[in-house]
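Any read-out appearing in this document is the output of simple, stated calculations on the displayed coordinates, not a laboratory observation. This one's a predicted model, so the numbers in the text were calculated from it and none came from an experiment. Cβ coordinates were reconstructed from backbone atoms using ideal geometry, including for glycine residues, and neighbour counts include every protein chain displayed.
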Amino acid sequence: MKRRLIYAFIIAFAVRAHAQHPITFEDLAAIHRIGAPQISPDGKTIAYDASTPDLAANTSHSAVMLVLASGGESKKIADGSGPVWSPDGKTIAYTDKNQVYLYSVGPALAGRPAEAGPTRKLTDLQGGAGSVKWMPDGSGVVVVSDIYPDCGVDPACIKDKTTAAEQKPTKARIITNLLYRHWKAWQEPTRTHIVYVPLAGGASRDLTPGAYDAPPFSLGGGDEFEVSPDSKELAYARDTSDHPEISTNSDIFIVPIAGGEAKRITARQGADTSPKYSPDGRWIAWRSQARPGYESDLWELWIYDRASGATRHLAPNFENWIDSITWAPDSKSIYITGPDKTKGAIYEVGLSDGVPHVLWSDASAGAVAVRSNDRTLFFDRSSLTHPTDIYALARGASAATQITHDNDSLMRSITMGATSDIWYAGAENAQVQALVVRPPNFDPSKKYPGLLLIHGGPQGDWADAWSYRWNPQMFAARGYVILMPNPRGSTGYGQKFVEEISGDWGGKAYVDIMNGVDKLAAMPFVDSNRIGAAGASFGGYMIDWILGHTDRFKALVTHDGVYNLTSMYGATEELWFPEWEFHGTPWDNPELYEKWSPDRYAKNFKTPTLVVHGELDFRVPIDQGLQLFTTLQRRGVPSKLLYFPDEGHWVLKPQNSKLWYQIVRDWFDQWLRSAGS
């Protein structure tokens with residue numbers, strides 16, 4: 001009997017191993033992309049959204065899901081995203097087709113999440129509705145909508161404006177100010193405002209009137225405003241600068257929900273955002289930066305006493321960025337997330353001592369929510385080998401428990417490359433960390449080609465986290481050993497390390513990276529003669545810099561990379577960025593722009609290079625990629641241009657993403673894979 005069981009185990013293991021395969025793009029596209037956990041008021045059920053690409057339709061579909069807080073099978077209740085529970089737990093508000101819908105929720109059944117009932121549309125705002133939040137008294141919701149400043153939410157005024165715009169005989173624009181386009185869209189006459197929508201009917205109200213965006217532009221969105229626990233006040237972020245193209249100075253304002261003048265409660269010259277009321281209503285916490293024009297300044301934690309108006313810096317000795325803040329139920333501490341080397345950690349900071357204590361740092365965490373009755377934390381967790389799932393961390397526990405299982409079956413069919421990290425000496429003997437991903441079914445006796453991936457920012461990082469763009473497992477699956485270094489400028493290693501990139505783009509960071517390549521080449525299972533490199537944004541800049549400074553690589557890929565610093569300045573939108581990084585404008589400080597501009601070294605270009613760029617990239621405009629491709633072609637360097645007319649700085653459409661992975665991986669295969677490998 002014992003022998004039969006052993007044989008059965010061996011056969012089962014062999015069958016399972018045979019069924020597994022390295023990840024493909026179809027696998028990547030089939031993964032449900034889990035959103036932030038939203039805990040029901042009774043603490044028993046979690047609502048979240050899950051987005052899934054639809055390759056055939058070249059789009060993505062999002063669904064609102066429910067799962068028991070103890071874990072188990074999830075249940076779809078609606079198409080849409082951004083679910084939030086009503087204070088009484090009887091209704092879930094969410095957005096779909098750019099409007100807010102309400103879903104009635106019945107009582108939870110044994111072993112199953114709450115059942116969903118009839119739905120109704122709540123909003124019909126001309127400017128759409130997003131980032132929905134409930135009024136704590138349940139009287140309505142607040143949403144973000146695009147508003148004509150002189151119309152507010154007046155339907156007749158809005159109709160007149162839109163009709164006039166539609167009847168214009170030309171699409172020409174007359175521009176008199178900068179920041180006329182941003183990220184991937186042109187500036188329209190509307191502004192983003194926060195609107196109150198009553199539940200029982202009646203007119204909606206614009207809570208943040210004026211000619212400025214409130215909240216200001218944010219790639220994440222939804223974290224820049226909140227309603228007080230007594231439903232009488234709104235706190236929000238807004239940048240009132242006359243020159244937004246050079247300003248990072250958003251401030252926190254408070255305004256009565258019933259109407260009245262807004263009051264600015266912050267006075268620092270950097271960015272202030274993410275206001276969060278304490279549950280007892282005494283405090284407002286927010287994230288703050290000190291220096292104007294520096295988007296990568298240290299993100300600090302500050303609190304405001306609503307009674308006295310006094311402000312205080314919490315955790316003043318914390319040297320890493322604070323990415324998010326969540327109050328504890330007793331209002332005596334705050335949970336924060338932030339990078340800790342290659343991990344995304346959760347900390348707790350007490351108001352009394354201001355000292356951060358690490359609660360969890362096993363992989364990467366985000367979107368922390370806390371259950372009131374037992375202070376269990378629910379959060380999004382991902383790693384280099386597993387996509388995002390919602391996890392629970394009980395008070396005092398060291399290990400978190402997986403709650404959602406939407407992707408378990410798919411992930412069991414995929415064999416991932418093993419991950420690890422190395423440390424080595426960079427420029428000036430600074431210690432630099434890099435992540436390493438080996439191919440699936442790794443054989444240490446073989447010689448694999450190596451691939452260097454360089455992150456963007458430059459103030460960013462490679463983390464032990466899942467990604468859909470630039471997923472290292474997609475390259476490892478083709479048989480590459482991946483090196484992902486965190487050179488100067490990377491977050492998670494203290495603010496001094498972050499700041500050593502500014503004014504020195506091709507200096508210490510380049511040495512940090514190339515010293516890491518030495519380590520990659522010295523690995524016994526890496527063929528040092530077959531190493532490629534790729535990067536996007538600043539990573540693309542560094543590839544362009546590498547082109548003119550070393551012939552070490554067999555092939556390169558530069559995606560939306562900065563090539564000509566002077567012309568980049570004249571076409572980009574957020575001018576505070578180059579003015580900080582290169583200590584002024586090109587006419588006031590031409591030496592630094594010229595010193596670090598890759599185009600100055602075009603005579604040295606030899607390495608086969610794939611150039612990737614999106615027409616709608618207003619951050620690193622299309623001319624940067626076109627200039628580089630023209631130079632490569634005229635220099636006779638083997639080169640190819642992958643051009644996306646409908647993408648910006650990121651490639652997001654499913655079919656475009658599929659093509660991106662195909663062309664980029666094929667490029668490296670062409671130049672790095674030996675015959676028959």
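Miscellaneous remarks
- All lysines inside 20 Å of K595 as judged from Cα atoms, apart from same-chain residues fewer than 8 positions distant: K508, K603
- Looking at the stretch 489-575, the chymotrypsin sites (Phe, Trp or Tyr not before Pro) that sit in a DSSP loop and have at most 16 other Cβ atoms within 10 Å of their own Cβ are F525.
- Pairwise FRET efficiency - T585 versus A521, Cβ, R0 = 41 Å, nearest 0.05: 0.55
- Dipole of the stretch 416-672, positive direction: furthest Cα of S597, F553, L641, with charges on the beta-carbon: F553
- HN-Hα J in Hz across the stretch 630-640 - Karplus 6.51, -1.76, 1.60, θ = phi - 60°, x for Gly and Pro: 4, 4, 4, 5, 5, 7, x, 7, x, 7, 8
- In this Cβ point-charge picture (+1 for Lys and Arg, -1 for Asp and Glu), the chain has a dipole of about 2200 debye about its Cα centre.
- Simple point charges give the picture: +1 on the Cβ of Lys and Arg, -1 on the Cβ of Asp and Glu, and for the stretch 27-115 a dipole about the Cα centre of about 120 debye.
- Normalised by residue count, the stretch 416-672 yields a Cα convex hull volume of 116 Å³ per residue.
- Which of A211, G72, V144, positive extreme of dipole for the chain (C-beta unit charges): G72
- Taking the charge dipole of the stretch 139-282 about its Cα centre, with +1 at Lys and Arg Cβ atoms and -1 at Asp and Glu Cβ atoms, the residue from V153, T176, I246 reaching farthest to the positive side is T176.
- Size of charge dipole - the stretch 416-672 - debye, nearest 20, with Cβ of Lys, Arg +1 and Asp, Glu -1, no other charges: 1180 debye
- Restricting the GluC sites (Glu not before Pro) of the stretch 570-677 to loop positions (DSSP other than H, G, I, E, B) with no more than 16 neighbouring Cβ atoms within 10 Å leaves E615.
- Calculated [222 nm] ellipticity per residue, helices only, for the chain: -5500 deg cm²/dmol; basis is -39500 (n - 2.57) per DSSP H run with n ≥ 4, divided by all residues, nearest 500.
- Entry for Cα extents along the principal axes in Å (calculated from the structure that is shown) out of (i) 107, 67, 45; (ii) 74, 59, 44; (iii) 83, 71, 56: (iii)
- D623-K496 FRET efficiency (beta carbon distance; Förster radius 35 Å; 0.05 resolution): 0.50
- Inter-site label distance for D88 and H357 at 7 Å from Cα along Cβ, in nm: 3.8 nm
- Under the simplified labelling scheme, the K171-K44 pair shows an inter-label distance of 5.4 nm, with each label point 7 Å from Cα along Cα→Cβ.
- Overall form of the stretch 379-523 per C-alpha gyration tensor (a/c, 1.5; a/b vs b/c): oblate
- Global geometry of the stretch 147-258, whether rounded, prolate or oblate, following the gyration tensor of its Cα atoms and the 1.5 cut on a/c: oblate
- When all alpha carbon pairs of the stretch 283-412 are counted in 5 Å bins from zero, the resulting P(r) reads 2, 10, 19, 21, 18, 14, 8, 5, 2, 1, 0, 0 %.
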